[in-house]
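K.L.:
Sharing a structure here in structure tokens format.
The values are calculated or read from the model by the stated rules, or taken from the named source; none is laboratory data. Quick caveat, the model's predicted, so the values are computed rather than measured. Please note: Cβ atoms are built from the backbone with ideal geometry, for glycine as well, and neighbour counts cover all protein chains shown.
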Amino acid sequence: MSRRHDKKISKIRHILSSRQSPALLLVAMLLYLIPARAQTADPPAPASIAILPRDGFNLQVSEQVNAQYVIVTVPPPTHNWFAGAFTNLPVGVPVTIGLCMADNGLSNMPADVSKWVGLRPVFSYADPARYESYEWYMKDADGRWVSGDPFNTGEARYAGAGVVPEQAVIPAEAASKFLSADGRCWSPWREVEGTEVLATINVFRVKQAFDMPAATVAMRVPYTYTYLQSVIARLQQANLPGVFVDELGTTPGGRKLQIIRLTDPDDPRANQHTILATAREHATEPAGSWVVQGMLYRLLSDEGKPLRAHRTWLLLPILDPDGSADAVYERITDLFRKTDVPQTPPEVRQYARYMTRYIADGGQLDLTLSLHNVEATECTNLYCPLMDLAAIEVTSKINTALFADLRARGYVTDDPTRSWYNGFLSFRFYAWCTKRFHALDLVYEVNDRYPDHTLPLEQLARMGGIIAARLAAWCDSDTGRVWHQRAADFLAKHREQRDAYFQSRQRDPEERTLHEMLNLGF
């Protein structure tokens, strides 16, 4: 209470103790008491900034220093990812979100914000659980806004010709702030206004004035399991020829394991080449998921039909659904080997069962692609961190052509013949497929947060289309045909060995053990 209010209360007590008439006492009390209540009521304290739980997000409020400065943390270890759905944000004034990364990392990869110098995180006022919150638009030659969502067809593709597209996820009063600099691209995610890196104490700060009291702030645009289920639902509803969603099983968390399979729409039985593309082997690296989805969108388009001719594409936007939902960096990354069977995650068995059955049924795996993302400064928009020692020359040639394609479209790339390591990661899913079925393996780091050239959603999707086209071109090249024939010869012997193995044991191949699947490829 205020000092003035205390004085009025004292005066009322004095009147009550005096020997005046009851009527006079009542009038006096009204004269003093009512103004005291009206003039001295304290305004309600502003609600503290809070973070709502969301699929795959990991930021937690640690301390609110003042109304405009909140300190947040993430459960260790953290690598390549932070995101939080904030509420009760002050509006129209700069807000600072401070993230301390001291002692928060892996033994071989300590958390180090010096890798975040120049990092520009993103934010959105859209609900991160809605499918439409990730839909971007481009203006066509006629000035109309065209949706980047391939499931919008006909007139549904168009969203007006105004300054911003007609949409319902960003409030109208803030929508213009989500335009690209040239005004021709609109996304519900934009970069924050400012950041600060305090490398000596391992602290990273985001500084942003918000137009709305609720906003999602993330290191890069999220790609969640919930969102993937929305994509798959639309894919199934579209009922497109040659497009399938194969169900492999469920995770310990009750989530679906699914592979999107695309075949030649004019010859669904054709299986002359198969390309497997995966992301989220490291579950907190969402940039790769957007690239795999870009591959899907390109393959679904009219211009993507030639890329599907006489081949099958197996697409895995999220290899580890539970890891992505719980923001766990590594859950099943190096477990494609026979370990302590009761402790082997069921996802390992389910993926191995699917791939071994695919091969046993006559399928052939020609190429495996594993996509990751770095934090900010480690590399350019696309980089090859690892080359298989057995295929350095082939990989370098593919990289040279692919990186040239990307540079021609404005992306920044590095030396296509250089990598951080040369070797082979035997116990990862893509590498296990390579080793057991004689495929060519490719690994890339996607860096949409490269400080000199960041990538919005539209450019991540386009990158996926460019990669798909280049991989298809390799399959059709002389080198690709030779590789394909060698793999075919290898798999013919492999199937003979498999049949002989189970016949000698008088067992149904469907009863194969984890050892037989992982160590023998049966």
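K.L.:
Residues of the stretch 344-366 being among the acidic types (Asp, Glu) and modelled with pLDDT of 95 or more, which ones?
P.N.:
Of everything in the stretch 344-366, those that are among the acidic types (Asp, Glu) and modelled with pLDDT of 95 or more turn out to be Glu347, Asp366.
K.L.:
Same structure again: Take the stretch 98-108 and flag every residue that is over 14 Å from Ile201 (Cβ atoms) and exposed (fewer than 14 other Cβ atoms within 10 Å of the Cβ).
P.N.:
Leu106, Ser107, Asn108
K.L.:
Please state which one of Phe244, Phe204, Phe210 is closer than 26 Å to Asp441 by Cα and modelled with pLDDT of 95 or more.
P.N.:
Within the list Phe244, Phe204, Phe210, the selection yields Phe244.
K.L.:
From the list Leu369, Leu425, Leu406, pick out the single residue that is modelled with pLDDT under 95 and not acidic (Asp, Glu).
P.N.:
So the residue among Leu369, Leu425, Leu406 that is modelled with pLDDT under 95 and not acidic (Asp, Glu) is Leu425.
K.L.:
Would you check if Val443 is among the β-branched types (Val, Ile, Thr), over 32 Å from the mean Cα position of the chain (by Cα) and under 27 Å from Gln272 (Cα atoms)?
P.N.:
So Val443 does not fit the description; no.
K.L.:
From the list Thr263, Thr274, which residue is surrounded by fewer than 23 Cβ atoms within 10 Å (Cβ to Cβ) and touching a Gly at 6+ places or on another chain (Cβ under 7 Å)?
P.N.:
Thr263
K.L.:
With respect to the numbered conditions (1) touching a residue at least 24 places away in the same chain (Cβ under 8 Å); (2) touching a helix residue (DSSP H, G or I) at 6+ places or on another chain (Cβ under 9 Å), which one is the sole condition not fulfilled by Asp267?
P.N.:
Condition not satisfied by Asp267: (2).
K.L.:
Does Leu89 count as under 21 Å from the mean Cα position of the chain (by Cα), among the hydrophobic types (A, V, I, L, M, F, W, C) and more than 21 Å from Tyr227 (Cβ to Cβ)?
P.N.:
For Leu89, the condition - under 21 Å from the mean Cα position of the chain (by Cα), among the hydrophobic types (A, V, I, L, M, F, W, C) and more than 21 Å from Tyr227 (Cβ to Cβ) - is not met.
K.L.:
Would you be able to say whether some residue in the stretch 500-516 is out of contact with any Lys or Arg (no Cβ under 6 Å at 6 or more places or on another chain), closer than 26 Å to Leu442 by Cα and crowded, with 21+ Cβ neighbours inside 10 Å?
P.N.:
No, every residue in the stretch 500-516 fails to be out of contact with any Lys or Arg (no Cβ under 6 Å at 6 or more places or on another chain), closer than 26 Å to Leu442 by Cα and crowded, with 21+ Cβ neighbours inside 10 Å.
K.L.:
Now for a separate question. How many residues does the stretch 261-296 contain that are within 17 Å of the chain's Cα centre (by Cα), among the hydrophobic types (A, V, I, L, M, F, W, C) and part of a strand (DSSP E or B)?
P.N.:
2
K.L.:
Still on this structure, I have one more. What's the total number of residues in the stretch 456-474 that are farther than 13 Å from Lys397 by Cβ and touching a helix residue (DSSP H, G or I) at 6+ places or on another chain (Cβ under 7 Å)?
P.N.:
12
K.L.:
Looking only at residues in the stretch 233-252 that are in contact with a Pro (Cβ under 7 Å, 6 or more places away or on another chain) and not in a strand (DSSP E or B), which one is surrounded by the most Cβ atoms within 10 Å (Cβ to Cβ)?
P.N.:
Thr251
Every residue, every condition in (1) surrounded by 15 or more Cβ atoms within 10 Å (Cβ to Cβ); (2) assigned to a loop (DSSP other than H, G, I, E, B), yes or no:
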| position | (1), (2) |
| --- | --- |
| Gly160 | no, yes |
| Glu173 | no, no |
| Ser176 | no, no |
| Val197 | yes, no |
| Arg205 | yes, no |
| Gln208 | yes, no |
| Ser230 | yes, no |
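K.L.:
So how many residues does the stretch 161-176 have that are more than 13 Å from Glu132 (Cβ to Cβ) and in contact with an Asp or Glu (Cβ under 8 Å, 6 or more places away or on another chain)?
P.N.:
Final tally of qualifying residues: 4.
K.L.:
Also, quick follow-up: Given the structure, is Thr377 hydroxyl-bearing (Ser, Thr, Tyr), under 30 Å from Gly56 (Cβ atoms) and surrounded by fewer than 24 Cβ atoms within 10 Å (Cβ to Cβ)?
P.N.:
Here the answer is yes, as Thr377 does meet what is asked.
K.L.:
Which residue pairs have Cβ atoms closer than 8 Å, lie 6 or more positions apart in sequence or on different chains, and pair a first residue in the stretch 479-497 that is in contact (Cβ under 8 Å) with a residue 24 or more places away in the chain with a second residue that is of a type in the set (D, E, K, R) and not in a helix (DSSP H, G or I)?
P.N.:
Gly480/Asp366; Trp483/Asp366; His484/Asp366; Ala487/Asp366
K.L.:
Exactly one of (1) free of Cβ contacts under 8 Å to residues at least 24 places away in the same chain; (2) part of a helix (DSSP H, G or I) is unmet by Gln506. Its number?
P.N.:
(2)
K.L.:
Which of (1) over 23 Å from the mean Cα position of the chain (by Cα); (2) surrounded by 17 or more Cβ atoms within 10 Å (Cβ to Cβ); (3) closer than 26 Å to Met463 by Cα is the odd one out, the single condition Leu386 does not satisfy?
P.N.:
Going through (1) over 23 Å from the mean Cα position of the chain (by Cα); (2) surrounded by 17 or more Cβ atoms within 10 Å (Cβ to Cβ); (3) closer than 26 Å to Met463 by Cα one by one, Leu386 breaks only (1).
K.L.:
Which of the residues belonging to the stretch 184-231 are closer than 30 Å to Ala161 by Cβ, in the same structural domain as Ala85 (by TED's automatic domain parsing), of a type in the set (Gly, Ala, Ser) and in contact with a helix residue (DSSP H, G or I) (Cβ under 9 Å, 6 or more places away or on another chain)?
P.N.:
Across the stretch 184-231, the qualifying residue is only Ser187.
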